[in-house]
Number of protein chains: 2
Amino acid sequence: MRDPLSRTFAALADPTRRALLARLSEGEANVSDLAEPFLQDMSLPAVTKHLKVLENAGLITKGRKAQWRPCQLNGEPLREAVDWMEQHRIAWEEQLDRLGAYLKSKNKGTRHGSKK
Amino acid sequence: MRDPLSRTFAALADPTRRALLARLSEGEANVSDLAEPFLQDMSLPAVTKHLKVLENAGLITKGRKAQWRPCQLNGEPLREAVDWMEQHRIAWEEQLDRLGAYLKSKNKGTRHGSKK
DNA sequence: ATGGTTTTCAACCGAAGAGTTAATTAACTA
DNA sequence: TAGTTAATTAACTCTTCGGTTGAAAACCAT
């Protein structure tokens, strides 16, 4: 079994699941509501499985109202994933900045980039 | 073949690959440098494959210097992925805000939550 | 040319993913 | 009780993933 961050990213690595999340970011919805746009492409059990993946990743929670399962988005895992990415993306940008500063300082003493 | 966003998330859904990226966010490194911490857990070709996945996702670029392949992080796909996530995470938080506002307004007229 | 490094390629294997259909569960409704 | 709707489970197929080992490629140094 995988660590939470891996499960989050794996869950996001599928366009159908991202579309489900996008739909849920507009508000709660039942399984059949969520499935409706996909039923020409895949079966209902396929959607159920996708929702299970999202649930296992903690990205959604499923309630119960009679025979319906109202699903809600849960943003917390998203925040953690964003945090991980930002941390390294920012480090990457700092590298670029240092490179830029280096190239600048290299041309400082020696006028317009004359060699040596 | 998959869309770029899916490839990015899929590439991030593995702890080895995230560790490789973390290492690269501190600066450029060769394949064998990158592989070194993992060689007790897996073979060198396994690391090569992971790097290939990262490269195909556009998260790293590989240069060549003699027989070495200096790898660099590329943060752009990270930014796109973060954008996608933030967009929906924020929508989710606005839901919470609306819910909070609703609960607040519900208790406005009727003193301390008396029921009807 | 020979030999040593660094890295990749090829072929294979088992496990996990994403889909199917058919059957089942769980709740409501007449 | 019988029927309907919503959703899940089971069993199966096919593909992709993550790893292996062994060989090959590419480059440098003697």
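The values are calculated or read from the model by the stated rules, or taken from the named source; none is laboratory data. What you see is a predicted model, and the numbers here were worked out from it, not measured in a lab. Because the Cβ atoms are built from the backbone with ideal geometry, glycine has one as well, and the counts that use them run over all protein chains shown. All accessible areas refer to the heavy atoms of the entire protein, side chains included, with ligands and DNA or RNA removed. Shrake-Rupley method; radii C 1.70, N 1.55, O 1.52, S 1.80 Å.
Computed with a 1.4 angstrom probe on protein heavy atoms, the B-A interface buries about 2700 square angstrom of accessible area in total.
Taken as Cα centroids, region A:65-85 and region B:57-78 sit 33 Å apart, rounded to the nearest whole angstrom. For the pair A:K65 and B:R2, a Förster radius of 45 Å applied to the C-beta separation gives a FRET efficiency near 0.80, rounded to the nearest 0.05. In straight-distance terms, cross-link reach from B:K52 covers every one of the aspartates and glutamates whose alpha-carbon lies under 15 Å from its own, apart from those fewer than eight places away in the same chain; here that gives B:D14. Rounded to whole numbers, the Karplus 3J(HN,Hα) couplings from phi for region A:54-71 are 5, 5, 4, 7, x, 7, 9, 10, 10, x, 9, 9, 6, 8, 9, 10, x, 9 Hz, using 6.51 cos²θ - 1.76 cosθ + 1.60 with θ = phi - 60°, and x at Gly and Pro. Percent of C-alpha pairs per 5 Å bin in chain A, short distances first: 2, 10, 16, 16, 12, 8, 6, 5, 5, 5, 5, 4, 3, 2, 1, 0. Approximating the spin labels as points 7 Å out from Cα along Cα→Cβ, the B:A19-to-A:E36 distance works out to 4.7 nm. Ligands, DNA and RNA excluded, the heavy atoms of A:M42 present near 50 Å² of accessible surface to a 1.4 Å solvent probe.
Rounded to the nearest 500, the 222 nm mean residue ellipticity of the protein assembly as shown from helices alone is -19500 deg cm²/dmol, with -39,500 (n - 2.57) taken per DSSP H run of at least 4 residues.
Per the Kirkwood formula applied to alpha carbons, the protein assembly as shown shows a radius of gyration over Rh ratio, Rg over Rh, of 1.12.
Using a probe radius of 1.4 angstrom, the carbon and sulfur fraction of the accessible surface of chain A is 52%.
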